[in-house]
1. With the cut-off at 1.5 for a/c, could you classify region 65-120 from its C-alpha gyration tensor as rounded, prolate or oblate?
2. If you build the Cα gyration tensor of region 152-192 and take the root of 5 times each eigenvalue, what three semi-axes come out, in whole angstrom, biggest first?
3. Show me the ranking of peptides 85-95, 211-221 by mean Cβ neighbours inside 10 Å, starting with the highest.
4. So how far apart, in nm, are the two label points at residue 147 and residue 223 if each is 7 Å from Cα heading toward Cβ?
5. Report the Stokes-Einstein translational diffusion coefficient (µm² s⁻¹, integer) for region 170-225, Rh taken as the Kirkwood radius over Cα pairs, at 20 °C with viscosity 1.002 mPa s.
6. Which whole-number percentage describes the relative contact order of region 125-225, with Cα contacts under 8 Å and a sequence gap of 6 or more?
7. How big is D, in µm² s⁻¹, for region 123-219 by Stokes-Einstein at 4 °C and 1.567 mPa s if Rh is the Kirkwood radius over C-alpha pairs?
8. Bin by bin, in steps of 5 Å, what percent of the Cα pairs in the chain do you find, going until the bin that has the longest distance?
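Please treat every number below as a calculation from the coordinates, not as lab data. As the structure is a computational prediction, the values presented were derived from the model and not from experiment. Methodologically, a virtual Cβ is constructed for each residue, glycine included, from the backbone with ideal geometry; neighbour enumeration extends over all protein chains shown.
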Amino acid sequence: MKKVRENLITYTIDKAIFGNLSILVNNGEVIVKAPWYFSKQRIQDTIKENKKWILKKLNEIEDVTLYKTTKILGINYAIKINYSNIKAPELNLKNNYIEIKLPSNLEKKNNSKIIDIILNKMYIKLAEKHLENVFEEIRIETGLAPEDYKIIQDKKEIAKFDYDSKEIYVSSKIMELDENCIKYIVMHQLCHLKYKTHAKGFYNLLKKYFPNYEKYEEILKDYKF
Ligand SMILES: [Zn+2]
């Protein structure tokens with residue numbers, strides 16, 4: 001991949017073994033996919049020929065609406081909404097922002113509810129992936145494992161332990177917190193496998209695995225778990 005500037009259009013050339021020449025404009029970036037045998041001149045000419053179309057596409061990106069920000073693993077992500085000719089909404093997680101594409105017929109409407117649903121789905125997906133690793137990591141470290149765990153959509157409680165079924169419920173919203181906080185919350189729930197209440201024994205066990213548990217209790221004091 002090589003960056004080239006041509007009459008104010010900066011583009012990246014992606015040389016391929018197969019296929020024809022194609023131009024992709026995505027998130028303000030122009031990518032030219034060219035067969036390996038295409039000369040620089042031939043690519044430049046194609047860019048020139050399609051300049052009008054490329055500039056039009058690049059300007060469309062400017063229309064993006066900045067919705068709000070949200071956190072994933074403790075990191076702030078801007079949410080960018082754009083509208084295009086699609087049937088169902090799409091979400092793409094980029095390096096430093098979340099791109100939500102909505103069908104153009106929703107443009108100029110209040111879409112906050114739809115956006116919330118899309119974001120919730122994203123948090124569930126992320127939680128499914130992340131929590132599996134966290135539970136496995138803790139199981140290896142401590143031998144503690146729940147009967148089962150479920151990802152739920154609960155805004156009030158970030159996690160809870162069911163002493164009778166020995167199951168742990170984790171809200172997908174946990175994915176807003178950073179990795180250490182997530183691990184701490186899961187560990188806290190797992191210590192309830194041995195101690196139902198927050199008795200001395202409970203905290204002794206927690207301390208064994210999380211020596212600085214008090215720090216996390218303080219950071220997470222506004223969360224219910
Ligand atoms: Zn507890």
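1. Numbers: a/c = 2.06, a/b = 1.80, b/c = 1.14.
Prolate, since a/c reaches 1.5 and a/b exceeds b/c.
2. Working: eigenvalues 58, 34, 7 Å².
Its equivalent ellipsoid spans semi-axes of 17, 13, 6 Å.
3. Values: 85-95: 10.8, 211-221: 12.7.
Result, highest mean first: 211-221, 85-95.
4. Going by the 7 Å Cα→Cβ label model, 2.5 nm.
5. Numbers: Rh = 11.6 Å.
Answer from the Stokes-Einstein relation: 185 µm²/s.
6. Rounded, it is 26 percent for region 125-225.
7. Working: Rh = 13.4 Å.
Answer, rounded: 96 µm²/s.
8. That works out to 1, 6, 12, 13, 12, 10, 9, 9, 8, 7, 6, 4, 2, 1, 0, 0, in percent per bin.
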